[in-house]
1. Counting each pair of different Cα atoms once, what's the Kirkwood radius of the stretch B:73-114 in Å, rounded to one decimal?
2. Quick check: with the 1.4 Å probe, what order do A:D64, A:D251, B:D138 take by accessible area, largest first?
3. Can you classify the stretch A:269-363 as rounded, prolate or oblate using the Cα gyration tensor, where a ≥ b ≥ c are the square roots of its eigenvalues, rounded means a/c under 1.5, and otherwise it's prolate if a/b beats b/c and oblate if not?
4. For B:K234 and B:D53, calculate 0.36 nm times their separation in residues minus their Cα-Cα distance, and state this gained length in nm to one decimal.
5. Any chance you could check the Cα centroid distance between the stretch A:45-74 and the stretch A:265-298 for me, in angstrom?
6. How much of the DSSP bridge set in the protein assembly as shown is antiparallel, in percent, rounded to the nearest 5?
7. Working with all protein chains in place, sort B:T103, B:T159 by solvent-accessible area computed with a 1.4 Å probe, largest first.
8. What average count of beta carbons from other chains do you get within 10 Å of the Cβ of residues in A:14-26?
2 protein chains.
Amino acid sequence: MPDHRIHNFNAGPAALPLSVVEEVQAALPNFQNTGMGLLEISHRSKPFQGVIDSATARLRRVLDVPADYQILFLQGGASLQFYMSALNLLRAGEEADYLVTGTWAKKALQEAQKISVNAKGIWDDKANNYKNVPGDADYTVRENAAYLHYTTNNTIFGTEYRRTPAAYGKPLVADASSDIAGVPLDVAAHGLIYAGAQKNLGPSGVTVVIVSPWALSRVPAGLPAMLDYALQVKEGSMYNTPNTFGIYVLDRTMAWVEANGGREGMIARNAEKAGLLYAELDRSAFWTTHAAPGSRSWMNVTWRLPTEALEEQFVKEAKAAGMEGLKGHRSVGGIRASLYNAIEPASVRVLVDFMQDFERRAG
Amino acid sequence: MPDHRIHNFNAGPAALPLSVVEEVQAALPNFQNTGMGLLEISHRSKPFQGVIDSATARLRRVLDVPADYQILFLQGGASLQFYMSALNLLRAGEEADYLVTGTWAKKALQEAQKISVNAKGIWDDKANNYKNVPGDADYTVRENAAYLHYTTNNTIFGTEYRRTPAAYGKPLVADASSDIAGVPLDVAAHGLIYAGAQKNLGPSGVTVVIVSPWALSRVPAGLPAMLDYALQVKEGSMYNTPNTFGIYVLDRTMAWVEANGGREGMIARNAEKAGLLYAELDRSAFWTTHAAPGSRSWMNVTWRLPTEALEEQFVKEAKAAGMEGLKGHRSVGGIRASLYNAIEPASVRVLVDFMQDFERRAG
């Protein structure tokens, strides 16, 4: 079976390390010799408490999370956090500023506007079809903004901040779904970070939320229980039954990260992979990258070919050559290769070799 | 490994059929010969669309869901549905009536009261520590109530309705988390049904919601996207990335149900298991059931022994004899055996034999 695994460039859910997949397989019928399978143990049991404690400790180490920040494992993805973060951090009528760098950033803003009409996009690159992330001088944050929200990496458009954006003294709130644990991230510089797990952290169905003391201090009384950060912190992410399986896979994935150099190891690995692919894209005018040079993502690389017919042929031939998930999102068209942590550098080399061969044959 | 699986009487997450566990194992490294693992395929791919379509069709058949009702696969468990159902079905100031038969029913009411101060418990068995579910004559529904909410089975107290409660002409809303697909349920008699999957349907992290045309007609404009039944219906439960793994396991679990006689097969199997255990509990005054005779649950059987010391010894010796999950919830004390669909009748016979032996030795 493992022999037949192809090169998986999916944007998410995405590739996981094979060793993690094999650990999960082994745990399914009989978890830690309890005589019960991974899916069949109580979330209130000692073995599962061990899993969630381990996952928390690993994330804390991998991401260098300050001791006074809390880590939650919730459900509903970043899309629920778009609303939940504003529900917890913003009051009706208050201002909150959003950097709109693509589809997900825009949705985050729209959900916040359901809490306060004064949530506002203070920078929006729609006119350029989101080829850029802003420089610090490209925007100012309003004097009374409760926070500044941004999206660390834009899966669809293939752009990414290469440093923490300036917050002008306000708390920073980040959707880090698609590059968390794969690129530098200064957690201590943020008031809140949330991330769906299905790119770098594990499977879909788990959402990691990193909550600062500031964020906790903002939580109003009387929120719906499941949408209340303070209650979820108090209950250790187990106000109700969490996605026990997903948290286990996340723990195993973070163990793999730690065994491979931790986040620094991932950063080096991802810089190498992105470097290989962008070097090929820059080598020939046959390829046109979507992202502006200063805004390029390491996680999702997006580019066009001279014609749509060639793009279609590229995806089809790549598939025949054992590479999946390369069709670009309809908002950009063309090709997208997602290079999350689990993607091997060897897979990127296979892709680059294929690209060079394709250009020769098509050119 | 499978040889060492014990008798798992957990209240949830709970036992799954071993054949399902083995199918899941096989799908993990290479799903349907795609060369990508079950956790690594896109939710927008044809293989996954096949999974969610299959899961929907199976639930429709197993539960006899009317053609004009919609089936959703959401996240957050029943606890999020406590709020979300009221958010979609109730307006501020409107009346909604709740039958309070235990902890979860009470929490459902409390979340609804965050939408409307006129959500009200019209029957509450707290004085009897929730030994009963009400008869139809034990309550009346208010003239202007938007709906009547009830909890089909009370996991903690071990009580269950043996028929659909009278709704007095109002739409019925049910939390069916802990007995769905295991007992009779007249879906067409309901306006909304929701259920966490981790008892009879599959793993934790998936929530099934069955939405009637009436429920859809109640959804107001402008809800948070992830909490909007109408939007989730429109997007086929894929407004964002769903718990793809959990939906797959649910589909396989429902395939197992269908291969074992469908819901009628499960009802016969569960009647047999509950019959075996209640016969033993009624045989000897050594055991005292918590639930009143007319309110007994087939899914969670709760009882006391003469002393707490004996109860502790019972749980300990049962564990040594290969039976897990028998410690009662602290709200009731004593013993609880959960007999969900996947529990084999043979496991209940082992339990009953152990009980008779325990009584002989202790008596």
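1. Taking every pair of different Cα atoms in the stretch B:73-114, averaging 1/r and inverting gives 10.6 Å.
2. A:D64, B:D138, A:D251
3. Verdict is rounded for the stretch A:269-363.
4. Full-extension gain reported as 63.7 nm.
5. For the stretch A:45-74 versus the stretch A:265-298, the Cα centre distance is 33 Å.
6. The antiparallel fraction comes to roughly 55 percent.
7. Reading off the accessible areas and sorting them downward yields B:T103, B:T159.
8. Per residue, the average neighbour count from other chains is 4.
The values are calculated or read from the model by the stated rules, or taken from the named source; none is laboratory data. Bear in mind the structure is a predicted one, so any value in this text is a computation, not a measurement. Quick reminder, even Gly has a Cβ in these numbers, built from the backbone with ideal geometry, and neighbours come from all protein chains shown. For the accessible areas, the whole protein counts, side chains as well, though only heavy atoms, and no ligand, DNA or RNA atoms are used. Shrake-Rupley method; radii C 1.70, N 1.55, O 1.52, S 1.80 Å.
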